[in-house]
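Below is one structure; the comments refer to it alone.
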Amino acid sequence: PVTPPNQRRLAQKLRFFTDLSQCLFDFVIQLLPTTEELAVKEDVRRLLERLIRTIEPDSRLLSFGSTANGFSLRNSDMDLCCLIDSKERLSATDLVTMLGDLLERETKFHVKPLPHARIPIVKLSLDPSPGLPLGIACDIGFENRLALENTRLLMCYAMIDPTRVRTMVLFLKVWSKRRKINSPYKGTLSSYGYVLLVIYFLVHVKNPPVLPNLQQMPPLRPISKEETHLGGYNTWFFDDIELLRQRWHSENVETVAELLIDFFRYYSRDFSYNTGVASIRAGLLKKDTKGWQNNLSSGGFNDLRERNRLCIEDPFEVDYNVARCVTKDGLYTIRGEFMRAARVLASRPERAIVALAELCE
Ligand code: GTP
Ligand code: MG
């Protein structure tokens, strides 16, 4: 019997999605950190915590960012945050200076204290060793409790649908690094920004959604404002993931490949860059209503205008545009890359692996 052409095309398309999904899993799995790397990093964290406690006995040193949210790639940097539980504590500036001196004396790290930065931090790096062939880069900040919370939020999203969410995010992180559009200092977007774009897409763009909106789910019991607010920001979200996994099931059954293709299509064509704000908390918002216009008439405000080309609302610090560092050129490049990726995947080459290789070239 002869298969009609449209049925054959459909079968080919489905085969491409299955192949590409498999390639994506295989690709990201080999880029995950090894157990050895994770163990060395935990040892480093413990060593640093012990040293910091000689200055501030009531302190704890916690991981945030990719090391703690499930989106870590091999050799990614370590983001550490020092919390001090006592009321009387040194200022961040003094702590950074003292800690810098101490680490320089007591460890093999290359140390760069930045006590007068907007957010004072100590930057550390370690030369390569057998357990860490590419060394370590690490930033220690202080009292950045919001970062710990947004890390926990991203981790919860990763846990709801680990296969699809983690594969998409990890792939986009590798892709954006290889395509050189992951440098906030050079006018493109941080990893954190890309992760928020993925979650926004899975919560608010896909219909049916792949993920629920954890910040809008009703709490299981009444909660007071003291429990939900941190530094004036509402940081509450539904974090009982075990319960959620029992009660919430996405009706979206698309493969990772289909989601990724649609992600690139959406951000190359459909997202309203000129007027829209992507908010994982509240869906698509307007730049106007947030006061984040980028068409202010000039007169010394060039700097301001450049900040709101691309708008991504921080999940908790709602007055903060995570993509403020993206310049006009940066956005042009990023959109060009989204278009290129959509084009490569739409051409559906015979072998999915070829598409992946071309994508990350
Ligand atoms: P890689 O370092 O590339 O592996 O990615 P990452 O997941 O660690 O992301 P990134 O280094 O961009 O950010 C680390 C963490 O810092 C994030 O998870 C956030 O908690 C925090 N962070 C980074 N950028 C911002 C920002 O612009 N605003 C806020 N509020 N937090 C940020
Ligand atoms: Mg990081």
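The values are calculated or read from the model by the stated rules, or taken from the named source; none is laboratory data. Being a predicted model, the structure only gives us computed values, none of them experimental. We place every Cβ from the backbone using ideal geometry, glycine too, and count neighbours over all the protein chains shown. What goes into the accessible areas is simple: the full protein's heavy atoms, side chains included, and nothing from ligands, DNA or RNA. Shrake-Rupley method; radii C 1.70, N 1.55, O 1.52, S 1.80 Å.
Looking at the chain, what % of its DSSP beta bridges pair antiparallel, to the nearest 5? Taking every DSSP beta bridge with both residues in the chain, the antiparallel ones total about 75 percent.
With the cut-off at under 16 Å, measuring from each backbone N in the range 171-185 to a point 7 Å along the Cα-to-Cβ line of LEU31 picks out 171-183. Taking a ≥ b ≥ c as the square roots of the eigenvalues of the Cα gyration tensor of the range 205-361, is the shape rounded (a/c under 1.5), prolate (a/b larger than b/c) or oblate? Because a/c hits 1.5 or more and a/b fails to exceed b/c, the range 205-361 counts as oblate. Once the Cα atoms are used to define both axes, helix 191-200 deviates from the longest principal axis of the chain by about 50 degrees. I'd like the carbon and sulfur percentage of the solvent accessible area for the chain, probe radius 1.4 Å, heavy atoms only, ligands and nucleic acids excluded. Result for the chain: 52 percent of the exposed heavy-atom area is carbon or sulfur. Taking GluC sites (Glu not before Pro) across the range 86-172, the ones in a DSSP loop with at most 12 further Cβ atoms lying within 10 angstrom of their Cβ are GLU88.
For the chain, averaging the sequence separation of C-alpha pairs within contact (under 8 Å, six or more residues apart) and dividing by the residue count gives a relative contact order of 16 percent. In plain terms, the chain from LYS13 to GLN216 could stretch by 69.5 nm, reckoned as 0.36 nm per residue minus the Cα-Cα distance. In plain terms, the chain from LYS180 to ARG343 could stretch by 56.8 nm, reckoned as 0.36 nm per residue minus the Cα-Cα distance. Accessible surface for the range 35-147, divided over its residues, is 53 Å² per residue with a 1.4 Å probe. Of the peptides 34-43, 233-242, 3-12, the order by per-residue mean of other Cβ atoms within 10 Å, starting with the highest, comes out as 233-242, 34-43, 3-12. Excluding same-chain neighbours fewer than eight residues apart, the aspartates and glutamates reachable from LYS87 by a Cα-Cα span under 20 Å are GLU49, GLU56, ASP58, GLU143, GLU226, GLU227.
Counted over the range 77-147, the DSSP beta bridges are approximately 70% antiparallel. Compared with the dominant Cα axis of the chain, that is its longest principal axis, helix 35-53 is turned about 30°.
Taking chymotrypsin sites (Phe, Trp or Tyr not before Pro) across the range 252-361, the ones in a DSSP loop with at most 13 further Cβ atoms lying within 10 angstrom of their Cβ are PHE301, TYR320. Would you mind checking the tilt of helix 92-106 against the longest principal axis of the Cα atoms of the chain, expressed as 0 to 90 degrees and rounded to 10? So the inclination is approximately 80 degrees.
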